[in-house]
1. Report the accessible area of residue B:52, computed with a 1.4 Å probe over the heavy atoms of all protein chains in place, in Å² rounded to the nearest 10.
2. Is there a quick way to get the dipole size of region A:158-257? I mean about its Cα centre, with the Cβ of Lys and Arg at +1 and of Asp and Glu at -1; what is the value in debye to the nearest 20?
3. Report the full-extension gain for the segment residue A:208 to residue A:491: residue separation times 0.36 nm, less the Cα-Cα distance, to one decimal in nm.
4. What Kirkwood hydrodynamic radius, in Å, does region B:1-150 give when the mean of 1/r is taken over all pairs of distinct Cα atoms and then inverted?
5. Once the Cβ-Cβ distance between residue A:410 and residue A:356 is put in as r, and R0 is 30 Å, what FRET efficiency do you end up with, to the nearest 0.05?
6. Which aspartates and glutamates, if any, have their Cα less than 14 Å from the Cα of residue B:80, not counting same-chain residues under 8 positions apart?
7. Kindly state, to the nearest 0.05, the FRET efficiency for residue B:96 paired with residue B:200, given R0 = 60 Å and r defined as their beta-carbon distance.
8. Before I look further, what does region A:158-257 give for accessible area per residue, probe 1.4 Å, in whole square angstrom?
Amino acid sequence: MNTATAFLEACNELYITLKENAIPTAWRGARAGSSCESAVCACLVCVCVLSACTHCFPFTRALCSFGLVFRTNHLKKPPAPMAGSDLRTVRFINTQLLGRRRPTVELVSEDEHDLQEDPAIAMNSLSTETTADREEVLFDCAELYEALADVEPTLFKHAHRSYLDYALGHPLPPQMKALDASQPWLLYWTACALRLMDPQWLTQDVQRKMVHKLALCALDSGPYCGGFGQQAHLVCNYAAINALALCDNIDGCWASIKREGIYEWLLTLKMPGGGFRTGALLGECDSRSTYCALSVASMLGVLTPELCEGVEAFLLRCQTYEGGFGACPHEDEAHGGYTFCAAAGLAILGSLRKCDTAKLLDWCSARQTNEEKGLSGRSNKLVDGCYSYWVGAVAAILEAYGLGESIDKSQLREYILKCCQSKERPGLRDKPGKSPDYYHTAYVLMGLSATEYSFSVRDCPQRIQSARLVEQPDVEPVNPIFGLPIDVLARFVDYNAAR
Amino acid sequence: MSDAPEFQYDDIEPLPISGGQEGELCQIMYDGEYRTVMGIARALLQKLEFSERALHATSQAIDLVPAFYTMWNYRFQIVKALYGTDGAELNRELDWLDEFTLNNPKNYQIWSYRQALLRLHPSPEFQRELPILQSMIDDDTKNYHVWSYRRWCVLFFGDFTNELQFASSLIARDVYNNSAWCHRMFVLKNQVPKGPPAEALTGELHYTKKQIELAPQNISSWNYLRGLYDEFLDGKADPAIMEFALSFTPGIFAADASDTGPQIQSSYALEFLARAYAKNEDTFAQARKAYQALSDHFDPIRKNFWAYKIRSLTA
């Protein structure tokens, strides 16, 4: 069976499995070791579809790519463990396991024994799932860096604009119902991404439509929901408020935000341990939901002592022995997304210095690796463009408060511009080989912004200032605590302070 | 769901699931099945009907969009109303949830729902949770939500019996699994309120060193080693552990180390040493040398950070 036939069959199979809502069954079947090529294809297509929504720090499970995308290079055979003759393994061992920067060519040899007898390699190299996964990524990145070695990297702004405009100008295909309970997020991501690339690109027409759409997502009492006729949800409410801030008070829309109602609702979500949970009846209570409460309350000017009681202690307890922060205060694993939420939350409370900032700085710095140049979200996990913001913003916050430098911004910028976009497909992505989606397009651009400016803070977190680091920045400066363009945030905060 | 009982919804008028505005932004083109399933579930929710057919409607809705939190909330209300604290019925609900969880490993809503069910349950059992946790971690050894839920269970049931062994088995499978290393720290910090007894700590240090010898260039095991010292030993590195770390960086502190730097087995060992040296003014020179070597040879992408650390030495 040739690949094309296999692919068609796989699509057919996928269609059936999707219909039966049994993707994981197909996935497991394929992983169980079936050698049938079509099953492997099917499982890879499933992965293509699902990966966009599941693998990284998901503010929502965002299935953001249209249609199914199939890349034949996913069919690359996974590297065999301990294959000393495999060039990729050699490169990997050389650069990663040994942490040296010796040119790879020195290790390329016809004779496998030569390699195995190299004392530096023979020692202690251990191949596991973690190293095999990373090896694949290292190879993809190295390929791109090599091909683009002489290219001055630029952002393909117009292509990305068309990708974003598409979502704002067309009805969304049925498979986007995966985002049905996260509709304000799509607005926030697309509007923020457009606005960062060019303030003019978020048109008044779109702003008006955003206001109408968000009104449909609101309860009469004020808080916002994931969509029409749904219940209020703390993280959807955050996305909705940020999206409204991006609307520039068009037609006086900011007056329609019922901040008293939102404030009363936030109080009902407060838990005895100091955190906030996402819903009044059920829902997780962690550093993410707690940040969403603090950010909204701060932007609306209702960050009262009553609301803040115990919150600082809750967030401080989420810091782990590694220096980053986890989801819950029970020694969860330090994670880029939760670290952002906790650090930004502490900054909003004016309590950033109460955590172990030296260890936090250290942890942020350790997220950047020499070969990929981008940032990972946890120790021994893969690089992902979205952590350019989650971790990059924490680095920017620490920088703004004079607490030290942690990442190499120009190298991260290179990862973003060379590995997170391609000429073939508009939109930004997690890493080479992944499909672009709206979540990554927004957070990679916000991360890019954090690499093109330096930040300082004078009095309060809403007033972070920026200075250019590159002559012609690709994007506008973002406030790394609130996730909005600096000028947009300032206007929204001023408006609410005067209300 | 072919074996599910047939429920009648003929008396229910499905509610609209969208605002129906002309030209609405980002309007999803719902298919007919979705409109019907969601419309019926919404109509039942609006009536606050707590019945077996309503429960079934929520499972259909959740199957279509697992992240639809409103339906999880409604489902919990139904379960509470129908089953109260009936353990057998709640076990049936957990069975349904197990099946759903296996098919939706990255979903956010599952876990807080699960916690709510266990809190409601008159006689919850950790034993009942272990197989699903094992299976989920087997499938995705770094699944953040599953590890976090496991820790919640351990604290909820107050049962640390299996935990170190569980983490060890995952580390044996993949020594780079940071989630498993974190789990060890969770056990050490929570099992005994005053911290682990001396012999347990000694055993843990021994274990960690063994794992480092197996794979010296591993941030997880070195972070953990540092964590043990920071959390339980006042952050004071003793001569034995310094000797251990030095064994992975031979020659690096020799007076005549060449410009290109010798080969070392672990940049994390060098970091460990640099941190320890930076704590004492008498060893600032060694700290500076270590940071400089990291910046020049072993971890140059972090050069801004290393430069910051060197500046802090003189400050």
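The values are calculated or read from the model by the stated rules, or taken from the named source; none is laboratory data. For clarity, every value in this text was computed on a predicted model and none was experimentally measured. Every residue, glycine among them, receives a Cβ derived from its backbone with ideal geometry; neighbour counts consider all protein chains shown. These area figures cover heavy atoms from the full protein model, side chains too; ligands, DNA and RNA do not enter into them. Shrake-Rupley method; radii C 1.70, N 1.55, O 1.52, S 1.80 Å.
1. My reading of the accessible area for residue B:52 is about 80 Å².
2. Taking the Cα centre of region A:158-257 as origin, the dipole is about 140 debye.
3. Gain on stretching residue A:208 to residue A:491: 100.1 nm.
4. Numbers: mean 1/r = 0.0596 Å⁻¹.
Evaluated on region B:1-150, it is 16.8 Å.
5. Once rounded, the FRET efficiency stands at 0.60.
6. Of all the aspartates and glutamates, those that pass the test against residue B:80 - Cα under 14 Å, at least 8 places apart if same chain - are B:49, B:52, B:89, B:93.
7. Efficiency, rounded to the nearest 0.05: 0.90.
8. Value returned for region A:158-257: 29 Å² of accessible area per residue.
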